[in-house]
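Engineer: This is the structure, below, for whatever I ask next.
The values are calculated or read from the model by the stated rules, or taken from the named source; none is laboratory data. The shown structure was predicted, so the numbers you read here are calculated from the model rather than taken from an experiment. A quick note on method: Cβ atoms are made from the backbone with ideal geometry, for glycine too, and the neighbour counts reach across all protein chains shown.
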């Protein structure tokens, strides 16, 4: 029987006291029906969906540039991650997971009986990955290596050589690499042609890439997620899906397929929100001597280190209680001297929230 939460951050996120300005989440500002003209007309309560709704799979495939036969639909990116983990690991298997990291990834492995080993992405290495460290932690029972790109919580992106090196290590170990790219489209839309980050869907080998329409497009209510997997693994993912959800929601899948027809509008919306918020964040961070950053803000999450403390949570609590701003404590991501700020919401509340954080930092001394 489970008594302790497998994902403490998720429990905190769902039960915390609301604040006047909420910068603790990470979903892009939610779309309304008015943001997707024609959505009501696209709605229906049934859809053929044995191995995914075909129009949705086709739309995802076109979006990411792979054959539809490599696309497995899921309930959000979290659902796609769970399907992947469940298809690949079981009791006694070893899984390598980055640290700092997103705790539901660890929780899913633990639930399925795997032994989780962590490899570091430290602040003093700009949250990069040491491939030699990963290699040293591989065992004969390693089945999966898990990373997020952009990194959750820091927003730092991995380069080509690191991603390719991780795939090579996984291949040599008879394992797979899982890359959660749920924030990647927002990063690349804000960057436009300069400084685009690489998607692991462009690389060959034993790699599974997961994402959704949530973090980059503001469609969290649809729970439209997917995994892009090698052909040999796709059947196993579908068969795990049979156990978890049998079929997807016809309503969500139809609206998800419709949303992809509106992608130019959605991209424009995301660019307007994220580019304005990143400009605010860069101005804010450049003026805060008490905050350390591994890299300039480029994603919809920011993970500053609060200099001079071992634990930033007392500051986080004062920020909520006295200044009305919620941010996520770094302890949930295995980095207690940090806190995570969402840059994904409306620009005006973000501007006010960053101003209040600056005020709190001055008051904190």
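Engineer: Considering only residues that are in a strand (DSSP E or B) and in contact (Cβ under 8 Å) with a residue 40 or more places away in the chain, look in the range 293-309 and name the one that is nearest to the chain's Cα centre (by Cα).
Structural biologist: Residue satisfying both the conditions and the ranking: 301.
So that you can scan it fast, the table gives a plain yes or no per residue for (1) surrounded by fewer than 16 Cβ atoms within 10 Å (Cβ to Cβ); (2) in a loop (DSSP other than H, G, I, E, B); (3) without any contact (Cβ under 8 Å) to a residue 24 or more places away in the chain:
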| site | (1), (2), (3) |
| --- | --- |
| 78 | no, no, no |
| 119 | no, no, yes |
| 128 | no, yes, no |
| 132 | yes, no, yes |
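Engineer: If the requirement is being at pLDDT 95 or above, surrounded by 20 or more Cβ atoms within 10 Å (Cβ to Cβ), farther than 30 Å from residue 38 by Cβ and over 22 Å from the mean Cα position of the chain (by Cα), which of these qualifies: 229, 321, 312, 281?
Structural biologist: From the options 229, 321, 312, 281, the qualifying one is 312.
Engineer: Take the range 21-59 and flag every residue that is in a strand (DSSP E or B), in the same structural domain as residue 249 (by TED's automatic domain parsing) and crowded, with 17+ Cβ neighbours inside 10 Å.
Structural biologist: Result: 52, single match.
Engineer: Residue check, residue 109 against (1) in the same structural domain as residue 258 (by TED's automatic domain parsing); (2) in contact (Cβ under 8 Å) with a residue 60 or more places away in the chain; (3) outside any loop (DSSP other than H, G, I, E, B); (4) buried (at least 16 other Cβ atoms within 10 Å of the Cβ), all met but one. Which one?
Structural biologist: Residue 109 satisfies every listed condition except (2).
Engineer: Inspect all residues belonging to the range 80-91 and state whether any of them is surrounded by fewer than 15 Cβ atoms within 10 Å (Cβ to Cβ), over 30 Å from residue 294 (Cα atoms) and at pLDDT 95 or above.
Structural biologist: Yes, because at least one residue in the range 80-91 is surrounded by fewer than 15 Cβ atoms within 10 Å (Cβ to Cβ), over 30 Å from residue 294 (Cα atoms) and at pLDDT 95 or above.
Engineer: For residue 66, indicate whether it is farther than 30 Å from residue 351 by Cα, touching a strand residue (DSSP E or B) at 6+ places or on another chain (Cβ under 6 Å) and in a loop (DSSP other than H, G, I, E, B).
Structural biologist: Against the criterion (farther than 30 Å from residue 351 by Cα, touching a strand residue (DSSP E or B) at 6+ places or on another chain (Cβ under 6 Å) and in a loop (DSSP other than H, G, I, E, B)), residue 66 qualifies.
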